[in-house]
Amino acid sequence: MHLQLENIKKSFKDKSVLKGINITMENGVYGLLGPNGAGKTTMIRILADILQPTSGRILINGQDKNGCGDGYRAKIGYLPQDMSFYPDFSGRDYLMFVAALKGMNELKAKRQIETLAQNVGLSDDLHRLASTYSGGMQRRLGIAQALLDDPEILILDEPTSGLDPYERIKFRNIISAYSSDRLVLLSTHIVSDVDSVAKQVMMMEYGVIKRVGPSEEFISQIGECVWTFRLPVSRLVEFQNSAVISSVMPHGDMMEVRVIDEKKPNSDAVLAKPGLEDAYLYIFHYLPRMARPRIGA
Ligand SMILES: Nc1ncnc2c1ncn2[C@@H]1O[C@H](COP(=O)(O)OP(=O)(O)OP(=O)(O)O)[C@@H](O)[C@H]1O
Ligand SMILES: [Mg+2]
């Protein structure tokens, strides 16, 4: 599988939301990270064929997707960021409904639904009305419907929002296994979702993919910029206005802070091993802060 976005642009009225996306994806997991409003959902909806780009092309195995008719959609499993359910559909009804839309025969659909329900931990709840599921259960039902009929391209918009830690780990394992011979694109705000599974991470902001690479590359690029030290609780709020804090852990009556900084922030600070979340904060928060002219400078 070879999926290529060629200079994809999207505007809503005069608002330019995607400003020329060029990216080529093959089998494996691709993680899409970026702040709120970056354009992730817009890009995903265009890929899922829900939205038409203002200009640009999507090529699948070298062929323009618009020339593939329904063939393109048939290859795609899609989990939207927001889902709603018919009030009188049980979880099983909903999955059978999606299976019918995908053109699956009844026997195959029933078999797959049982397996998928087991994989996403919903076997005991399929008979219940989907509209009465908890947020995390609805998300898992959404993941199951996206996986129906083994799509070659799986596009998931914030699949793990609302999932508890155990279900997130299960999800990551499902995706890892699935992506060995398929393409998975997922957008998330939970950096650890993509850290271990994504072969490429895309960092998006203001409708542009700013950087692409394996997570190790991002981590090695930030080098010696992650520090930890302890701070009295009373100074924490003031300190966070002038620093990019990655995490805070209580330590007796002090707080152990983890900070992104190219310079040693404090005489007691010691270097820490960076992770992808630190790299995200460095790119989206530390560097822009440094680039901003200081008042009075
Ligand atoms: N149908 C629309 N009409 C007008 N503006 C839109 C429309 N859809 C999205 N936008 C705008 O496009 C920008 C990007 O939105 P998008 O939903 O793609 O961001 P996102 O990266 O998915 O954000 P989030 O992390 O909050 O989900 C936002 O400024 C949003 O207001
Ligand atoms: Mg979004």
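The numbers here are math on the coordinates, done by the rules we state, and not lab data. Because the structure is predicted, anything quoted here is derived from the model rather than measured. A quick note on method: Cβ atoms are made from the backbone with ideal geometry, for glycine too, and the neighbour counts reach across all protein chains shown.
Amide H neighbours of residue 211 under 5 Å, at least 5 residues apart or on other chains, H built in the peptide plane: list them.
Amide H to amide H, under 5 Å and 5 or more residues apart or across chains, residue 211 pairs with 203.
Show me the trypsin sites (Lys or Arg not before Pro) within region 258-289 that DSSP assigns to loop and that have at most 15 other Cβ atoms within 10 Å of their Cβ. All intermediate terms of the calculation are to be shown ahead of the outcome.
Numbers: sites: 258, 263, 289; in loops: 263.
Here the sparse-neighbourhood loop sites are 263.
Could you identify which residue out of 75, 108, 19 has the top mean-square fluctuation in a GNM of the chain using Cα springs shorter than 10 Å?
Highest fluctuation among the options: 108.
Whole-Hz ³J(HN,Hα) for each residue in region 21-26, computed from phi via Karplus 6.51 cos²θ - 1.76 cosθ + 1.60 with θ = phi - 60°, x for glycine and proline: what do you get?
9, 10, 7, 10, 10, 10
Could you give me the ³J(HN,Hα) list for region 194-201, computed from phi with Karplus coefficients 6.51, -1.76, 1.60 and θ = phi - 60°, whole Hz, x at Gly and Pro?
9, 3, 8, 9, 7, 7, 9, 10
Efficiency by 1/(1 + (r/R0)^6): what FRET value for residue 221 and residue 132, r their Cβ-Cβ distance, R0 = 41 Å, to the nearest 0.05? Can you show the working numbers first?
On the way: r = 46 Å, r/R0 = 1.13.
Taking R0 as 41 Å, the efficiency between residue 221 and residue 132 is 0.30.
Can you classify region 150-297 as rounded, prolate or oblate using the Cα gyration tensor, where a ≥ b ≥ c are the square roots of its eigenvalues, rounded means a/c under 1.5, and otherwise it's prolate if a/b beats b/c and oblate if not? Kindly include the intermediate steps, with their values, before the conclusion.
Details: a/c = 2.40, a/b = 1.72, b/c = 1.40.
Prolate is the answer for region 150-297, as a/c is 1.5 or above and a/b outweighs b/c.
Below 8 Å between Cα atoms, with a sequence gap of 6+, how large is the relative contact order for the chain in percent? Intermediate values should be presented prior to the final figure.
Details: 537 pairs, mean separation 59.8, N = 297.
Taking the mean separation of contacting Cα pairs over the length of the chain, I get 20 percent.
Which shape class applies to region 10-128: rounded if a/c is under 1.5, otherwise prolate when a/b exceeds b/c and oblate if not, where a ≥ b ≥ c are the square roots of the Cα gyration tensor eigenvalues?
Values: a/c = 2.18, a/b = 1.72, b/c = 1.27.
Cα axes put region 10-128 in the prolate bin.
Antiparallel as a % of all DSSP beta bridges within the chain, to the nearest 5? Working shown, then result.
Details: 37 of 55 bridges.
The antiparallel proportion sits near 65 percent.
Have a look at 163, 33, 185 and tell me which one the Gaussian network model of the chain (Cα, springs below 10 Å) gives the largest fluctuation.
Fluctuation is largest for 163.
Does a label point 7 Å from the Cα of residue 291, set along Cα-to-beta-carbon, have any residues of region 165-208 with amide nitrogen under 15 Å, and which are they?
Under cut-off, by backbone N: 203-208.
Could you check which residue among 149, 157, 64 shows the biggest mean-square fluctuation in a GNM of the chain with a 10 Å Cα cutoff?
Looking only at 149, 157, 64, the biggest GNM fluctuation is shown by 64.
How high is the relative contact order of region 176-297, given as a whole-number percent (alpha carbon pairs under 8 Å, six or more residues apart)?
Values: 147 pairs, mean separation 30.2, N = 122.
Value for region 176-297: 25 percent.
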